[in-house]
Amino acid sequence: MLQSDHVVCFYGPKENRFRPSIDVMFRSAAEIFGPRVVGVILTGMLDDGSEGLLTIRERGGTAIVQDPAEAMYPDMPSNAIRYAGADYVRPLADIPSLLVELTAGREPGGVAVVQGNRKQEPKPTSLTCPECGGPLSQDRDGIFSHFRCRVGHAYSLRTLKEAQETRVEAGIWAAMQAIEESSEIARRLAKEVRNRGDETEATLYDRTVEASMRRAKALREMLEKGR
């Protein structure tokens, strides 16, 4: 992030699952330099940077976005245009000369900030943070929703969806591991009591093994279908 006239890197809550964060950088630049800021979004996944670019435009700054048609990963530029709007959409090769023009003092020929996006007082939701499990509050609504937990982890709605899907998958794998370990313990117990001549108890453990394997198979099929 920016502090005064220099860049500072420090440990803190992730935003959109990353730290350093482009949104933190953009927001801090907009707060300090206002209309002097030029934000640039290039190729990338999901909508990282859209919230920060929107803040730049709300403070009177200029937004430049790489043309999604030529981007290797068009998600970031496409979502930036959709949610924050752009003063300039240019091929990558044209952006350096445009930056030179803008920083030389030419006035940007910008457009109005996308309507329907607005900051608000944090509003509690029923959602929880995938990173720490704390409650999430919504601090921006409209066509671009933004969420933040008590300790500061922040997400766009798209990134929150991906993070929760990752969390669900991790939970299912953990459940599979626990079930398979339980099955192995039951298998060992069946062998132990069978060696003592207790076939009745061994049969009960055999049934536990069979039930555990059915559960593990169902979970594995669930994971494979979700991919």
_List the residue pairs whose Cβ atoms are under 8 Å apart, where the first residue sits in region 12-26 and is without any contact (Cβ under 8 Å) to a residue 40 or more places away in the chain, the second is among the β-branched types (Val, Ile, Thr) and buried (at least 17 other Cβ atoms within 10 Å of the Cβ), and the two are 6 or more positions apart or on different chains._
Phe26/Val37; Phe26/Thr55; Phe26/Ile56
*asked:* For region 150-161: of the residues being in contact (Cβ under 8 Å) with a residue 40 or more places away in the chain and closer than 21 Å to Gly12 by Cα, which is farthest from the chain's Cα centre (by Cα)?
replied: Val151
*asked:* For region 35-69, give me each residue that is within 9 Å of Ala80 (Cβ to Cβ), among the small types (Gly, Ala, Ser) and in a helix (DSSP H, G or I).
replied: Ser50
*Taking Pro96 as meeting all but one of (1) more than 26 Å from Lys161 (Cβ to Cβ); (2) in contact (Cβ under 8 Å) with a residue 12 or more places away in the chain; (3) part of a helix (DSSP H, G or I); (4) of a type outside the set (Lys, Arg), write down the number of the exception.*
(2)
*Would you call Ser137 outside the structural domain of Arg27 (by TED's automatic domain parsing), crowded, with 16+ Cβ neighbours inside 10 Å and under 30 Å from Ile22 (Cα atoms)?*
yes
*Which of the residues belonging to region 166-183 are in contact (Cβ under 8 Å) with a residue 24 or more places away in the chain and out of contact with any Ser or Thr (no Cβ under 8 Å at 6 or more places or on another chain)?*
Thr166, Arg167, Glu169, Ile172, Trp173, Ala175, Met176
*Out of all the residues in region 70-85, which are surrounded by 23 or more Cβ atoms within 10 Å (Cβ to Cβ) and outside any helix (DSSP H, G or I)?*
Ala84
*Within region 1-38, how many residues are modelled with pLDDT of 80 or more, surrounded by fewer than 17 Cβ atoms within 10 Å (Cβ to Cβ) and more than 17 Å from the chain's Cα centre (by Cα)?*
6
_Condition first: without any contact (Cβ under 8 Å) to a residue 40 or more places away in the chain and at positive phi. Now tell me which residues in region 45-69 satisfy that._
Gly49, Gly60
_Given the condition surrounded by 15 or more Cβ atoms within 10 Å (Cβ to Cβ), modelled with pLDDT of 90 or more and either part of a loop (DSSP other than H, G, I, E, B) or not assigned by TED's automatic domain parsing to the domain that holds Lys14 (or both), answer yes or no: does some residue in region 107-124 qualify?_
no
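Results for (1) within 16 Å of the chain's Cα centre (by Cα); (2) in a loop (DSSP other than H, G, I, E, B); (3) at pLDDT 90 or above, shown as yes or no for each residue.
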residue	(1), (2), (3)
Phe147	yes, no, yes
Ala163	yes, no, yes
Trp173	no, no, no
Glu180	no, no, yes
Thr203	no, no, yes
Asp206	no, no, yes
Val209	no, no, yes
Arg214	no, no, yes
Leu223	no, no, no
_So for region 39-53 (the condition being at pLDDT below 95 and out of contact with any helix residue (DSSP H, G or I) (no Cβ under 8 Å at 6 or more places or on another chain)), does at least one residue qualify?_
no
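The values are calculated or read from the model by the stated rules, or taken from the named source; none is laboratory data. Note that the structure is a prediction, hence the values are computed from the model and not measured. Cβ coordinates were reconstructed from backbone atoms using ideal geometry, including for glycine residues, and neighbour counts include every protein chain displayed.
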